[in-house]
């Protein structure tokens, strides 16, 4: 998890995650130099499974997620945003797919407002996400959402480190897994409450020139893999 000024929702999200974990699991949090009390709230939970790493300056979500992955120790890595809620059974359903041979698991989520009122029962329908085999389609429109993704440690050799100037880590991971023909499992179950509150890092509109530049950068980086 990468956090930045997440004091409003971080505790609720962590509680929803921790109650599904075993004593052998861990939550790796990289705080991106928050100027609120996010880190203090995390520390007050006093859960030995949480490891908090603080950036000395703000480096953005891509580098923060990379640092979290680099500091993880488990065989399976689940991505999490600071402001969502994990629904009961998420880990069990994703792990079933891993045991069946998946390298990357993507699930759906319920879209909510800031107060967790459901806006849509499917983020993939709401965002018109379409998963196809070719990474070219993914470069055109990214259907991969980090908060809905989990990977095996085995694929770190092909996705890490994240290249500079990619638009977002989830987009990069999805494209590389498709290009390398890794096994991707798409679950239709909504396994989190995906909170949209106006200050989300993801889902923000970009200028047309920036969208074109993002895609050209992504094509160049994926092609070299």
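The values are calculated or read from the model by the stated rules, or taken from the named source; none is laboratory data. The structure displayed is predicted, hence computed values, not measured ones. Reconstructed Cβ throughout: ideal geometry from the backbone, glycine too, with neighbour counts over all protein chains shown.
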Within the range 196-225, residues being at pLDDT 90 or above, over 27 Å from residue 112 (Cα atoms) and within 21 Å of the chain's Cα centre (by Cα) number 4
Of the candidates 67, 73, the one satisfying the condition of being within 20 Å of residue 163 (Cα to Cα) and under 18 Å from the mean Cα position of the chain (by Cα) is 67
The lone condition residue 137 fails out of (1) surrounded by 12 or more Cβ atoms within 10 Å (Cβ to Cβ); (2) in contact (Cβ under 8 Å) with a residue 24 or more places away in the chain is (2)
Within the range 1-15, restricting to residues that are in contact with a helix residue (DSSP H, G or I) (Cβ under 9 Å, 6 or more places away or on another chain) and in a helix (DSSP H, G or I), the one that is surrounded by the fewest Cβ atoms within 10 Å (Cβ to Cβ) is 11
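Within the range 96-118, which residues are under 20 Å from residue 13 (Cβ atoms) and surrounded by 13 or more Cβ atoms within 10 Å (Cβ to Cβ)?
Passing the criteria: 105, 106, 107, 108, 109, 110, 111, 112, 114, 116.
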*Going by the structure shown, is residue 175 farther than 21 Å from residue 224 by Cβ, touching a helix residue (DSSP H, G or I) at 6+ places or on another chain (Cβ under 6 Å), outside any loop (DSSP other than H, G, I, E, B) and modelled with pLDDT of 95 or more?*
no
- Yes or no: residue 52 farther than 19 Å from residue 155 by Cβ, over 15 Å from the mean Cα position of the chain (by Cα) and surrounded by 15 or more Cβ atoms within 10 Å (Cβ to Cβ)? yes
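On the basis of being in contact with a strand residue (DSSP E or B) (Cβ under 7 Å, 6 or more places away or on another chain) and either in a strand (DSSP E or B) or at pLDDT below 95 (or both), does residue 189 make the cut?
yes
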